[in-house]
C-alpha cells in the first residue's frame with residue numbers, strides 16, 4: 001500500500017510540474033513573438049548586425065527596445081512600437097547620457113537605498129532613462145531623465 005501511495009504522489013507531482021511548465025511557456029509566447037518582431041524590424045530598418053539585448057518597455061505605449069551594433073561597430077538603441085501606429089526610432093548610444101550620469105543625478109535629487117533597475121524607454125518626450133529604486137522609507141519610486149540631453153522629466157514617488 002505504501003508503494004502505491006508513493007507512485008500516485010509521484011505521478012501527481014510530475015503532472016503538476018508539467019502543467020505549470022506548459023502554462024508558463026504558453027503565457028510567454030506573445031512576449032517572445034513581440035521581441036522577435038521588434039528585433040527583426042530593428043535589423044531591417046536600422047541595419048543592426050549584432051543584438052546585445054532587447055526587452056519590452058511599457059510606458060504610455062509599449063516599445064521593443066533593441067540595443068546593438070551596426071556594421072561599423074557603432075552602438076545604437078532602437079525603439080520599435082508594439083502597434084503599427086507609431087514610428088520606429090533609433091539613437092546612437094554615445095549621443096545620449098550614460099547610466100552612471102543618471103545615477104549621479106538621482107543621488108543629488110534623492111537618496112536611493114537600492115536601485116532595482118535602469119532601462120532606456122520611449123515616452124512622449126522621446127527616449128528616457130527609467131530608474132526604479134527604493135528610498136529610505138522602502139517605497140518604490142520611478143525616476144525619468146531624457147536620454148538625449150539629461151534633463152529631468154518626472155519622478156513618481158511612494159508606490
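The values are calculated or read from the model by the stated rules, or taken from the named source; none is laboratory data. Note that the coordinates shown come from a computational prediction; the quantities given were computed from them, not determined experimentally. For neighbour counting, all protein chains shown are included, and Cβ atoms are generated from backbone atoms with ideal geometry for every residue, glycine included.
For residue 36, the conditions (1) in contact (Cβ under 8 Å) with a residue 12 or more places away in the chain; (2) surrounded by 12 or more Cβ atoms within 10 Å (Cβ to Cβ); (3) more than 18 Å from residue 86 (Cβ to Cβ) all hold with the exception of (1).
Given the condition at pLDDT below 90 and closer than 25 Å to residue 132 by Cα, answer yes or no: does some residue in the range 69-77 qualify? Looking through the range 69-77, none of the residues is at pLDDT below 90 and closer than 25 Å to residue 132 by Cα. Regarding the range 5-16, can at least one residue be identified that is under 20 Å from the mean Cα position of the chain (by Cα), in a helix (DSSP H, G or I) and either assigned by TED's automatic domain parsing to the domain that holds residue 69 or loosely packed, with under 12 Cβ neighbours inside 10 Å (or both)? For the range 5-16, residues under 20 Å from the mean Cα position of the chain (by Cα), in a helix (DSSP H, G or I) and either assigned by TED's automatic domain parsing to the domain that holds residue 69 or loosely packed, with under 12 Cβ neighbours inside 10 Å (or both): absent. The set of residues in the range 99-128 being surrounded by fewer than 13 Cβ atoms within 10 Å (Cβ to Cβ), free of Cβ contacts under 8 Å to residues at least 24 places away in the same chain and touching a strand residue (DSSP E or B) at 6+ places or on another chain (Cβ under 9 Å) consists of 114, 117. So is residue 131 surrounded by 12 or more Cβ atoms within 10 Å (Cβ to Cβ), touching a helix residue (DSSP H, G or I) at 6+ places or on another chain (Cβ under 9 Å) and in a strand (DSSP E or B) or not? Yes, satisfied.
Within the range 83-94, how many residues are more than 18 Å from the chain's Cα centre (by Cα) and either part of a loop (DSSP other than H, G, I, E, B) or surrounded by 12 or more Cβ atoms within 10 Å (Cβ to Cβ) (or both)? Summing the residues that are more than 18 Å from the chain's Cα centre (by Cα) and either part of a loop (DSSP other than H, G, I, E, B) or surrounded by 12 or more Cβ atoms within 10 Å (Cβ to Cβ) (or both) in the range 83-94 gives 4. Return yes or no: is residue 80 at negative phi, out of contact with any strand residue (DSSP E or B) (no Cβ under 6 Å at 6 or more places or on another chain) and surrounded by 15 or more Cβ atoms within 10 Å (Cβ to Cβ)? Here the answer is no, as residue 80 does not meet what is asked.
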